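Structure first, commentary second.
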Amino acid sequence: MFKKTNLILLGGPGAGKGTLSAMMEEAAPFFHISTGDLLRAEVKAGTELGKQAKALMDSGKLVPDEIVAAMVKDALKKDEKKYGMLLDGYPRTVNQALLLEEALTELGRPLDAVVYFQADDDFLLRRLTSRIMCRKCNRIYNRFNMAPKVDGLCDDCGGEIYQRDDDSEASARNRLKVFHEQTQPLIDFYKNKGLLIEIPCGERDQVFAEVVKALN
Ligand SMILES: [Zn+2]
């Protein structure tokens with residue numbers, strides 16, 4: 001299915017990275033790595049790294065990048081499918097990227113590409129703020145392409161339509177700001193290494209087709 005299989009996925013909030021990642025996993029036996037899941041598993045299994053991480057989290061501290069990189073490395077060592085990896089939501093900073101690079105070099109499994117689902121802020125804002133709901137029956141609508149027939153009133157129950165704070169424009173703008181501040185250095189980092197592949201966001205099947213083409 002894919003020629004390039006050791007991958008990082010990047011994309012802003014609303015870019016549809018989660019959906020695309022799920023489609024890729026369905027198409028090929030990728031090893032999907034979520035650092036949140038890894039952390040929870042190591043803590044539960046009581047490994048040395050897990051114990052260190054738990055002690056830090058219990059005292060309200062962040063788990064250092066070195067520990068997370070070591071967990072990713074351990075997980076990859078145990079990967080029996082040996083097809084490829086999808087790193088989604090990690091690394092988030094250049095320091096994490098450097099530690100990951102070191103770990104992957106030691107494993108002899110360098111990155112093949114970093115797929116960046118690119119979209120301008122207007123596109124992402126529109127997606128992030130499109131959801132509105134009925135206060136009474138919780139039915140979900142889309143302001144742009146699935147709005148209630150009567151403005152402000154639920155088709156099913158006549159309840160009041162509202163927008164959750166999480167879906168508000170202020171909240172969306174804030175998420176975008178954080179994304180740009182955090183991720184732009186990472187995008188530049190991978191661009192300089194010649195690993196970055198930019199795929200424009202859009203309709204999911206079309207985006208997926210672009211991904212298949214770009215990774216072959
Ligand atoms: Zn309703």
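A few remarks follow.
- Interchain or long-range residues, amide H under 5 Å from Gln118's placed H: Ile199, Cys201
- Label-point gap, in nm, between Phe144 and Thr105 - each point 7 angstrom along Cα→Cβ: 4.3 nm
- Taking Cα atoms only, the orientation of helix 169-192 departs from the longest principal axis of the chain by about 30 degrees.
- Selection from Gly108, Ala170, Gly194, by position along the positive dipole direction of the stretch 98-216 (Cβ): Ala170
- The chain, relative contact order [Cα under 8 Å, separation at least 6], %: 29 percent
- Treating each Cα of the stretch 56-105 as an identical point scatterer and summing with the Debye formula, the log10 of I(q)/I(0) at q = 0.18, 0.27, 0.28 Å⁻¹ comes to -0.62, -1.11, -1.15.
- Inverse of mean 1/r across different Cα pairs in the chain, Kirkwood, Å: 19.3 Å
- Given the chain, longest segment not containing exposed loop GluC sites (Glu not before Pro) (DSSP; at most 14 other Cβ within 10 Å): 81-202
- C-alpha long axis of helix 204-214 to longest principal axis of the chain, angle in °: 30 degrees
- Checking every one of the chymotrypsin sites (Phe, Trp or Tyr not before Pro) in the stretch 70-148 against DSSP loop status and a limit of 13 other Cβ atoms within 10 Å picks out Phe144.
- Degrees, to the nearest 10: 17-27 long Cα axis against longest axis of the chain: 60 degrees
- In this Cβ point-charge picture (+1 for Lys and Arg, -1 for Asp and Glu), the stretch 66-216 has a dipole of about 280 debye about its Cα centre.
- When you restrict to C-alpha pairs under 8 Å that are six or more residues apart and normalise by the size of the stretch 121-216, the relative contact order lands at 21 percent.
No value in this document is a laboratory result; all are computed from the given coordinates. Remember, it's a predicted structure, so these values are computed and weren't measured experimentally. When we count neighbours, we look across all protein chains shown, and the Cβ atoms used for this are built from the backbone with ideal geometry, even at glycine.
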